[in-house]
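To keep things clear, I will list the structure first and then write my remarks on it.
The values are calculated or read from the model by the stated rules, or taken from the named source; none is laboratory data. Remember, it's a predicted structure, so these values are computed and weren't measured experimentally. With ideal geometry, Cβ positions are generated from the backbone for all residues, glycine too; neighbour counts draw on all protein chains shown.
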Amino acid sequence: MFSRDFFTGLVRVVAIGLGTIGATGCAVAQQDSFTLITELPPGFGIKGEASYVPRMGENCTVPPRSGKNYPGKQFFEQELNDEAQTAHFEVPLTSNEGGCPLVLKSFGYEVDAKYGAARLNLGRDYTGISFQDGSEDTLTPPLPTTLQKQCEWLFRTVGTNRYIAKILKCKSAATPEQANGTVAEGPLQRAQLAGKTIKVVFSVAKEEQPYMGDTWVKFPEGWKRCMGKSLDDPYAFCRGNTTDFKPFKMPDGRECTIYPNCTE
């Protein structure tokens, strides 16, 4: 979805999103853009990609990529941070590339999160927001002011030393203003967005779950890793054996018998 070199020119875009916009710039932006606020929990970072398609009724096509120029796309970033962070991005609703009128189709998030101190103790998932045409006077349901992205860690063991590794999963969730949950996954209608502010709040589930079923057994103190056929069995399905378990290692190297408390 994302490539390393697409962030050429990113500093300019992020500066618009994170900086304070003057009164004149704000008035212009409100005519054809909306403010996207992204709230991240500690240890998280995102890369955002706004994608555009030809406006309805247009026969043109988005020009092909030329060098480091990505027609029909704009990029945003919040770097990984140990602290919670909030960023403001000004997202254009329309664009024009090579004479082709474009409209915002989607805003995709690449979500990165740390679960340990090592460089590879990193989880990644993808989520986003979609947009569609609509009449400003006949919009149902109403535009939500907040979208919730619920992330959770799924844990497993890897390698002969059975180190804990985690997989990040993020999905849309309903907020109190979306009582029936129908707005949680969109799409949002562009006609309602000009000059408005949408907040996307990322949160992390308090309780972690095993990545694969029938591999751990839950006890009041935590989860125990099933023995499987032997200590060397990489899959180690429980298959009804809820009395034989094997040790594993935390990302920091601690020898443990129960997760996440390590020792019983």
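Against the conditions (1) modelled with pLDDT of 95 or more; (2) in a loop (DSSP other than H, G, I, E, B); (3) of a type outside the set (Val, Ile, Thr), residue 223 satisfies every one except (2). Among the conditions (1) exposed (fewer than 12 other Cβ atoms within 10 Å of the Cβ); (2) over 20 Å from residue 160 (Cα atoms); (3) touching a residue at least 12 places away in the same chain (Cβ under 8 Å), the only one that residue 240 does not satisfy is (3). Here residue 130 meets the list (1) farther than 30 Å from residue 205 by Cα; (2) surrounded by fewer than 17 Cβ atoms within 10 Å (Cβ to Cβ); (3) touching a residue at least 12 places away in the same chain (Cβ under 8 Å) almost entirely, failing just condition (1).
Candidates in the range 89-117 are the residues that are over 22 Å from residue 170 (Cα atoms) and assigned to a loop (DSSP other than H, G, I, E, B); of these, the one that is modelled with the highest pLDDT is 93. Restricting the first member to the range 213-233 and to residues that are more than 16 Å from residue 161 (Cα to Cα), and the second to residues that are among the acidic types (Asp, Glu), the beta-carbon pairs closer than 7 Å and six or more apart or on different chains are 221/264. Of the set (1) within 22 Å of the chain's Cα centre (by Cα); (2) in a strand (DSSP E or B), all apply to residue 83 but (2). If you go through the range 199-215 and keep only what is hydrophobic (A, V, I, L, M, F, W, C) and within 17 Å of residue 111 (Cβ to Cβ), you end up with 200, 201, 202, 204, 205. Every test in (1) at pLDDT 95 or above; (2) within 17 Å of the chain's Cα centre (by Cα); (3) part of a loop (DSSP other than H, G, I, E, B) is passed by residue 214 save one, and that test is (2).
Any idea which residue in the range 186-211 is surrounded by the most Cβ atoms within 10 Å (Cβ to Cβ), counting only those that are of a type in the set (A, V, I, L, M) and in a loop (DSSP other than H, G, I, E, B)?
So, considering only residues that are of a type in the set (A, V, I, L, M) and in a loop (DSSP other than H, G, I, E, B), the one surrounded by the most Cβ atoms within 10 Å (Cβ to Cβ) is 193.
For the range 241-253, name all the residues that are modelled with pLDDT under 95 and not β-branched (Val, Ile, Thr). 251, 252, 253, listed by residue number. Which of (1) free of Cβ contacts under 8 Å to residues at least 12 places away in the same chain; (2) over 26 Å from residue 194 (Cα atoms) is the odd one out, the single condition residue 43 does not satisfy? Looking at each condition in turn, residue 43 falls short on (1).
A count restricted to the range 54-72 and to residues that are assigned to a strand (DSSP E or B) and surrounded by fewer than 17 Cβ atoms within 10 Å (Cβ to Cβ) stands at 2.
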